[in-house]
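Working notes for the structure below.
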Amino acid sequence: MEARQPALSASAQPALPCGTDPQPITDEFNEVRSMTSALPYTRLPGTPEPMNYWPGHGGIRIAADSWGPAGGPLVLLQHGGGQTRHAWKGAGEVLGAAGYHAVAFDARGHGDTDWAPDGLYGQDVMVRDLQCVVAALGNRRPVLVGASMGGGTSLVAVGEAHVDATALVLVDIAPNIEPEGVDNIQAFMNMKPDGFASLEEVAQAIGTYQPHRRRPPTLDGLAKNVRLGADGKYHWHWDPRFRTGIRNLDQRTRRLEACAANLALPTLLVRGGLSDILSEAGAQAFLKLCPTAEYVSITGAGHMVAGDRNDIFASAAIEFLQRVVPVDGEPVVPPHPVRPLQDVSGEDIVDVP
């Protein structure tokens with residue numbers, strides 16, 4: 001594939017905003033972190049502890065899990081807004097068993113990652129956190145897999161050449177999406193802003209938003225999705241300020257369309273056949289912008305593709321990766337210089353969940 005933008009010289013590569021020590025948690029870092037992570041809620045018993053912690057942009061601490069051999073090709077899994085790293089557990093295990101080093105991390109303001117002290121969760125700061133995770137893992141070239149918000153972060157990171165990735169997998173997200181689907185997600189995230197009285201109420205809310213999913217036999221799995229407040233109510237794990245951030249769909253579309261047209265690495269778009277976010281028309285519009293991309297539509301899956309049909313999603317992802325980033329070979333796309341992420345004028349908009 002030919003790059004569609006002029007290459008930078010090696011000397012033009014910017015320094016990343018984070019250190020490269022794979023275990024950089026220090027007393028000094030924890031002192032900074034203690035000033036940015038005092039949360040009003042507590043974790044419920046049974047919430048899985050993160051396997052890893054790394055410093056993110058601006059001193060926050062990023063929580064992550066990993067699967068597979070440390071020396072395998074690196075695959076970074078980024079969840080959607082309102083989700084956590086746990087959304088990738090099944091896919092991460094399958095990728096790890098296939099020889100890839102799969103890493104899923106909680107985005108800032110989500111799960112066990114710190115909330116942003118300034119309450120900002122825009123696309124640019126998410127890319128900076130991604131750069132920090134890459135640095136913490138030794139600046140190895142990653143495959144970027146992103147669902148919804150995580151896919152938007154991935155698309156900006158590679159479409160503007162801020163991360164030297166080996167491949168890109170977009171999960172039910174593209175530049176052109178359905179406003180009604182976005183409204184549905186936001187309505188779900190805005191339910192019960194003052195908290196839920198019981199885990200049963202939490203389960204009912206999830207069931208209303210995802211009626212096609214079978215309800216689990218117990219409520220134990222909800223522990224990782226909510227936190228207990230001092231008011232005795234259950235609150236979603238994310239920072240409430242994430243819901244109220246500045247969103248501009250037109251500005252988002254323009255930026256991501258430009259990123260899609262710039263893609264010069266192996267790309268796979270995976271759509272949930274039942275998705276109300278990414279329509280077939282939206283998928284086809286992306287393929288016109290990036291005609292070299294591959295495309296899979298998974299019947300019976302909604303917007304949360306990996307959770308709905310993890311078996312099919314993982315198989316499609318591995319079949320793609322084995323061709324373009326083989327476990328026992330070199331990626332088909334050689335390394336390329338990266339560009340600095342400039343502070344743009346105006347607001348750093350928050351991507352759709």
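The values are calculated or read from the model by the stated rules, or taken from the named source; none is laboratory data. Please read these numbers as outputs of a predicted model, since none were measured by experiment. Glycine gets a Cβ as well: all are built from the backbone with ideal geometry, and neighbour counts include every protein chain shown. Please note that ligands, DNA and RNA were not included when accessible areas were found on the heavy atoms of the full protein model with its side chains. Shrake-Rupley method; radii C 1.70, N 1.55, O 1.52, S 1.80 Å.
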When every residue in the range 152-191 that is in contact with an Asp or Glu (Cβ under 7 Å, 6 or more places away or on another chain) and part of a loop (DSSP other than H, G, I, E, B) is compared, the one farthest from residue 284 (Cα to Cα) is 178
Check the range 237-259 and report whether any residue there is buried (at least 19 other Cβ atoms within 10 Å of the Cβ) and touching a strand residue (DSSP E or B) at 6+ places or on another chain (Cβ under 6 Å). yes
Among the residues of the range 304-332, what is the count of those that are assigned to a loop (DSSP other than H, G, I, E, B) and either open to solvent by 20 Å² or more (accessible area, probe 1.4 Å) or in contact with a Lys or Arg (Cβ under 6 Å, 6 or more places away or on another chain) (or both)? 9
Identity of the residue in the range 287-296, in contact with a Ser or Thr (Cβ under 9 Å, 6 or more places away or on another chain) and of a type outside the set (D, E, K, R), that ends up farthest from residue 147 (Cα to Cα): 292
Counted residues, the range 200-225 - those being among the polar types (S, T, N, Q) and either open to solvent by 70 Å² or more (accessible area, probe 1.4 Å) or without any contact (Cβ under 8 Å) to a residue 24 or more places away in the chain (or both): 3
Which residue pairs have Cβ atoms under 9 Å apart, sit 6 or more places apart or on different chains, and have a first residue in the range 277-304 that is modelled with pLDDT of 95 or more and a second that is part of a strand (DSSP E or B) and among the polar types (S, T, N, Q)? 280/297; 283/297; 290/267; 292/267; 293/267; 294/267
Of the numbered conditions (1) polar (S, T, N, Q); (2) closer than 27 Å to residue 335 by Cα; (3) crowded, with 22+ Cβ neighbours inside 10 Å, residue 113 satisfies every one except a single condition; which is it? (2)
